[in-house]
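Chemist: Handing you a structure now.
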Amino acid sequence: MGAHGHLLPNRVFHCLQPSQACRRVTLIGVKVLSGRRPRLPSEEQARRMHPNPTAGLTGKEARARLARFGPNRLARARKVSPLAILARQFTGFLVLILIVAAAIALALGERIDALAITLVVVLNGVLGFVQEWRAETALAALGQMMASFARVLRDGQEQLIDTEEVVPGDLVILEAGDRIPADMDITLAVQLKADESALTGESVPVVKGRGDSLFMGTTVVAGRAEGVVTATGSATEFGQIASLTGSVGRKETHLQEQLGRLARQMGLAALIVAALIGALGVATGKPVIEMFMTALSLAVAIVPEGLPAVVTITLALGAGAMVRQHALARRLQAVETLGAASVICTDKTGTLTEDRMTAVRIAMPDQRYEVTGAGYDPTGHIAANGLRVRAADDPGLAALLETALVCNHAWLARAGDDWQLVGEPTEGALVTLACKGWAPLPSRDAAVAELPFSSERKRMSVLARSPDGYVLHSKGAPEPVLERCSHVWGASGPLPMTDTLRAMLQTEYEAMAGDGLRVIALARRVQDDDTLPHDEGGLAFLGFVGLIDPPRPEVAPAIRAAKSAGIRVVLITGDAGLTAQAIARQIGLSVTRVIHGDALAAMDDDALLAALREDVLFARTAPAQKLRIVSALQQQDQIVAMTGDGVNDAPALKKADIGVAMGQRGTDVARDAADLVLLDDNFATILRAIREGRRQYENIRKFVRYLLASNAGEVVALVVNLILGGPLIFLATQILWMNLVTDGMTAVALGLEKSTPGQMDRPPRPKAQPILGRGGFLTILAFGTYTGAASLWVFYSLLPMGEGLARSAAFTAMIVFEKVSVFAFRSLHLPCTRIGWFSNPLLIAALTLTLGAQVAAIYWPPLQVLLQTQALGWGEWALIGLLALPLVLVPELAKAVPLWQRGK
């Protein structure tokens, strides 16, 4: 050990399993031994600097503080009970109308009608409950973010306690890899670095020293520390942001708003029309009870009873499909809402990037190298002009890689095909770089002393033995390292550093930084003895290494797909602007303006709204600023999807129209605030979810039109028949049979239609676009008029042969009309000849079953009694088939002719 340095830690890695048995793993530059967990020898020297270490709290003090301050956990959102989840399935307006109708039917003694309505209400509720409960339990299974245990010093002894038992005043002991259990002030630190990205979004670990603070939910990535807890639970910085999330109110999805509006409109129309018809019948002398049942039947006919169940089933099946694509919908409507998204606000680290620091460029005084590969997998290589280069080919490169390896505390461990980092990400990237250039690696056991990195020094040096004596290896920020370089490393050895050369190196550094790279400078000097200097000087500059957290390979295609779909992507990060811009360039995200957090804080709302009309990138943002950006976009009538993983993202996740959290590395707070959880943390999964959401919404529009067109035909037939003064054309049980039994199955199959061609090449639908719109109402009116009139024609044509036969034929005709008309709704724009008549086998199966059920209703005695039907002859079936033919041919021609005219 030199006079002013620390002993180097032994280069030994121990693998301690819960069973206390060690297993061998493959390490680069390290031997694997069994035994106790390693402790840095430099800690002992650090302890000698503090001769009166605290013994920690006593057990009695800890128990008293736990009673005073409460458990060390965040204020948990009130857990929704299964009964509450089940109850909210029955609060929709259409469902309430059905419940009232069932109660009235039961009160009037119509038990079969009441039972039929009750069954569809129960089916809808059970389906919705099962999906939401499964989502909640799956989310809980993703695991807790906070560490389960913490090491504290109590009664003078180290103890492993539950994290929730940590109290203010506890002395907590931390080492690399530990999750920090509470806010604390550092009393002892040895080469300490913390990853605070969960709080700040900053991807680069922060150097910490004595007197600095550590925060709950962040992670120690290098070194060791002790600290005194200053705040626990909701009083921590983590907890303050969690409470900001709780202050954001509950939101309704876009689909919920539209379906709620449609339900209110249909319910109001049903009540008004039924009341008017009932009053008209009584006024013309018909019995009050008969007219009341007729009015109830009419209300049932107007209200699409099957709609809640069909929507629920369609969304549940879609949610199940998304789980297979690694997206968990916490609410059924979440995926559909994502399909309407016009803006995706995304963070950078881990979502767009690998979250693995990687060396991509080497700049030496006389040579430039590019580095392939990503993350900590050492199978890439170093290349110059497209040709692979090894350390043996270039003595200068060999010296740089040796310094990168020796002046380093990180290790790479291989478990199967996966490479894992043991240590700090920047140092891990340098070890990986050395592995790509050396075969085999030089020994790392020659190190004898160290000048550690600190936030003041911004560099680290290691003194190591060499065949020529001793070599001082240095690495750090470019400015302090260059200041201490008097030479540069040349092909024939060290050369004097001239002013021109220094300026050239400075320009090179600025260019690399301008490309968004984190730049590390490396230097060395040879000396005769093992004396560690006070301050490195007389170094020979070796080169710069440019590091970056590389983008995920699938992100660039996903960004292109988003652009093609008319979806804007806005990058909001806590990282540096230059770094974020570099990532944006690599993934093809257009950026014309960068706004940093301090500039954003100075902006008024009008300036922010104006900035959001540009291709803007937000850097160094605070949690409240993310929330403000989302709110501003919503003021512009955008449907906003927000991605995030950290607690700093949670308020914006909850405020956004659709919050998307990361399942693997996301915090509990972020996942609880989100509507959709990406189980693979992959940005491309969002695009798959958007595609699924668009498919769901388009199919919902199809079957809403289909169901309402079917009901419209029934209403036309009932109303016109009442005006004509004839006997009832449909009985209440027959109306329920049509709406609940036959329509529902067909509509569910319609909801499973595949995506239509070009769906992701169209812009998002306008936020104000209704589910129906004028075109939808006209379609419903046209189909309803024809099917109602055709049913009346059948009814009155056969009425002279008997009321029972005429009603049975009209009832069957309406069923057949509704079934064959479904082909007109399979696509709102393309004919079936284009999408394929049999491309939806479930629809064909549903049609076969429902038409078969109708045949049974006509010919099977038990159903004849229930539905009061009579058997039909071939003549009646021929008449029905002839009248059904235009429902297939006319829509096909109406869609095909415009395509022919456009030459498609």
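The values are calculated or read from the model by the stated rules, or taken from the named source; none is laboratory data. If you're wondering where the values come from, they're calculated on a predicted model, not measured in any experiment. With ideal geometry, Cβ positions are generated from the backbone for all residues, glycine too; neighbour counts draw on all protein chains shown. Accessible surface areas use protein heavy atoms only, side chains included; no ligands, DNA or RNA. Shrake-Rupley method; radii C 1.70, N 1.55, O 1.52, S 1.80 Å.
Chemist: For the range 454-515, take N as its residue count and report Rg(C-alpha) divided by 2.2 N^0.38 Å.
Modeler: Scaled against compact globular proteins, the figure is 1.28.
Chemist: Can you give the Rg to Rh ratio of the range 688-766, both from alpha-carbon atoms, with Rh computed by the Kirkwood formula?
Modeler: 1.17
Chemist: Another question about this same structure. Based solely on C-alpha atoms, express the radius of gyration and the Dmax of the range 775-816 in angstrom.
Modeler: 12.0, 40
Chemist: If N is the number of residues in the range 334-376, what value comes out of its Cα radius of gyration divided by 2.2 N^0.38 Å?
Modeler: This ratio for the range 334-376 stands at 1.97.
Chemist: Here's another thing I want to ask about it. Just for the Cα atoms in the range 513-642, what are the lengths along the principal axes, largest first, rounded to whole Å?
Modeler: 71, 35, 20
Chemist: Now for a separate question. Quick one: which of 265-274, 886-895 comes out on top by average Cβ neighbours within 10 Å, and what's the full order, highest first?
Modeler: Those peptides, ordered most packed to least, come out 265-274, 886-895.
Chemist: Could you give log10 I(q)/I(0) at q = 0.14, 0.15 Å⁻¹ for the range 449-596, computed by the Debye formula over C-alpha point scatterers of equal weight, without solvent?
Modeler: The calculated log intensity ratios at q = 0.14, 0.15 Å⁻¹ are -0.77, -0.83.
Chemist: Still on this model: Under Stokes-Einstein, with the Kirkwood radius over Cα pairs standing in for Rh, what whole-number D in µm²/s applies to the range 312-436 at 37 °C and 0.692 mPa s?
Modeler: Translational diffusion coefficient: 185 µm²/s.
Chemist: Something else now. Compute the Rg to Rh ratio over the range 396-490 from the alpha carbon atoms, using the Kirkwood formula for Rh, and round to two decimal places. Don't jump to the answer; show the numbers that get you there.
Modeler: Numbers: Rg = 13.9 Å, Rh = 14.3 Å.
Across the range 396-490, the Cα-based Rg/Rh ratio is 0.97.
Chemist: Could the peptides 609-615, 488-494, 784-790, 657-663 be put in order, highest first, of the mean number of other beta-carbon atoms found within 10 Å of their residues?
Modeler: Per-residue mean Cβ counts within 10 Å order the peptides as 657-663, 784-790, 488-494, 609-615.
Chemist: Could you let me know the centre-to-centre spacing of the range 666-712 and the range 314-348, using Cα atoms, in angstrom?
Modeler: Using only Cα atoms, the two centres lie 4 Å from each other.
Chemist: Further, regarding this structure: Based on the Kirkwood radius over alpha-carbon pairs, what is the Stokes-Einstein translational diffusion coefficient of the range 720-828 at 20 °C with 1.002 mPa s viscosity, in µm²/s? If you can, show how the numbers build up before the last one.
Modeler: Values: Rh = 16.3 Å.
Estimated diffusion coefficient is 132 µm²/s.
Chemist: Right, next: On the principal axes of its Cα set, how long, how wide and how thick is the range 380-438? Give whole Å, largest value first.
Modeler: Extents along the principal axes: 31, 25, 15 Å.
Chemist: Moving on to the next point. Starting from one equal scatterer on each C-alpha and no solvent at all, send me the Debye-based log10 I(q)/I(0) for the range 585-721 at q = 0.20 Å⁻¹, two decimals.
Modeler: Each listed q corresponds, in turn, to -1.25.
Chemist: Moving on. Per Stokes-Einstein, at 10 °C and 1.306 mPa s, what whole-number D in µm² s⁻¹ belongs to the range 581-631, with the Kirkwood radius over Cα pairs as the hydrodynamic radius?
Modeler: After rounding, the answer is 139 µm²/s.
Chemist: Return the long-range amide H neighbours of T573 (sequence gap of 5 or more, or a different chain), with a cut-off of under 5 Å between placed amide H atoms.
Modeler: F618, A619, R620, T621
Chemist: Restricting everything to alpha-carbon atoms, can you work out Rg to Rh for the range 425-465 with a Kirkwood hydrodynamic radius?
Modeler: 1.03
Chemist: For the range 771-904, list log₁₀ I(q)/I(0) at each q in 0.18, 0.19, 0.23 Å⁻¹, using the Debye formula over Cα point scatterers of equal strength and ignoring solvent, two decimals each.
Modeler: Evaluating at q = 0.18, 0.19, 0.23 Å⁻¹ gives log10 I(q)/I(0) of -1.05, -1.13, -1.37.
Chemist: Over the range 421-575, with every protein chain in place, what whole percent of the accessible area is carbon and sulfur at 1.4 Å, could you tell me?
Modeler: Heavy-atom surface of the range 421-575 belonging to carbon and sulfur, 1.4 Å probe: 55 percent.
Chemist: In square nanometres and to one decimal, what's the mean projected area of the convex hull around the Cα atoms of the range 860-904?
Modeler: Result: a mean projected hull area of 4.9 nm².
Chemist: Which order, highest average first, do 154-163, 565-574 follow once you tally other Cβ atoms within 10 Å for each residue and take the mean per peptide? Present the calculation step by step, with values, prior to reporting the outcome.
Modeler: Numbers: 154-163: 13.7, 565-574: 22.4.
Taking the mean over residues of other Cβ atoms within 10 Å, the ranking is 565-574, 154-163.
Chemist: P(r) of the range 355-412 in 5 Å steps, Cα pairs, percent per bin?
Modeler: Going from the shortest bin to the longest, the percentages are 4, 16, 27, 29, 17, 5, 1.
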